[in-house]
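Trainee: Pasting a structure below so you can have a look.
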Amino acid sequence: MKRPYEVTIIVRLDNADENLVNNTIDQVRAWIEAGEQGQVSKIDRWGRKKLAYEIDKQREGYYVMMESQIESRSIPELERNLNLSPYIMRYLVVRTDE
């Protein structure tokens, strides 16, 4: 059964252009929608923001939040992919109220 989740990511901006940011967002969307396990209903681009503290010598990141319907059993695989991506500094997957 699909449940509502918010997937928030911070994309690295070192050596990043608009294409790399867009490709990273498309890749995360593909991971969520892989094998009919999920569906992205809304992508909210917050844009370039200053980080509260330095992460890997980065002071800024590109914030994106995706509202999704995801099968609970596919969350570990999604988190694994997000963790292994070299273009994502941080991520947060939160189940929202129905």
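The values are calculated or read from the model by the stated rules, or taken from the named source; none is laboratory data. Predicted model, so just to flag it, every value in this text is computed and none were measured. Every residue, glycine as well, gets a Cβ built from its backbone with ideal geometry; the counts of neighbours run over all protein chains shown.
Trainee: What's the total number of residues in region 5-57 that are under 21 Å from Arg80 (Cα atoms) and out of contact with any helix residue (DSSP H, G or I) (no Cβ under 9 Å at 6 or more places or on another chain)?
Mentor: The number of residues fulfilling the criteria is 16.
Trainee: Wholly within region 21-98, which strands (runs of 3 or more DSSP E) include no fewer than the required count, namely at least 1 residues that are among the hydrophobic types (A, V, I, L, M, F, W, C) and more than 16 Å from Val7 (Cβ to Cβ)? Outline the logic, then answer.
Mentor: Details: elements: 38-55, 58-71, 88-95.
Result: 38-55.
Trainee: Would you mind stating whether Ser41 is of a type in the set (Gly, Ala, Ser) and under 14 Å from the mean Cα position of the chain (by Cα)? Lay out the reasoning, then the answer.
Mentor: Working: of a type in the set (Gly, Ala, Ser): yes; under 14 Å from the mean Cα position of the chain (by Cα): yes.
Yes; evaluated as a whole, the condition is true for this residue.
Trainee: Taking interchain pairs and intrachain pairs at least six residues apart, which have beta carbon atoms under 6 angstrom, with the first residue in region 19-46 and farther than 20 Å from Thr96 by Cα and the second at pLDDT below 95 and not aliphatic (A, V, I, L, M)?
Mentor: Sorted first by the residue in region 19-46, then by its partner, the pairs are Val21/Tyr62; Thr24/Tyr87.
Trainee: Still on this structure, I have one more. Starting from residues that are exposed (fewer than 13 other Cβ atoms within 10 Å of the Cβ) and of a type in the set (D, E, K, R), keep the ones in region 32-44 and report whichever is modelled with the lowest pLDDT.
Mentor: Here the residue is Glu36.
Trainee: Of the residues that sit in region 1-20 and are assigned to a loop (DSSP other than H, G, I, E, B) and more than 12 Å from the chain's Cα centre (by Cα), which one is nearest to Tyr63 (Cα to Cα)?
Mentor: Leu13
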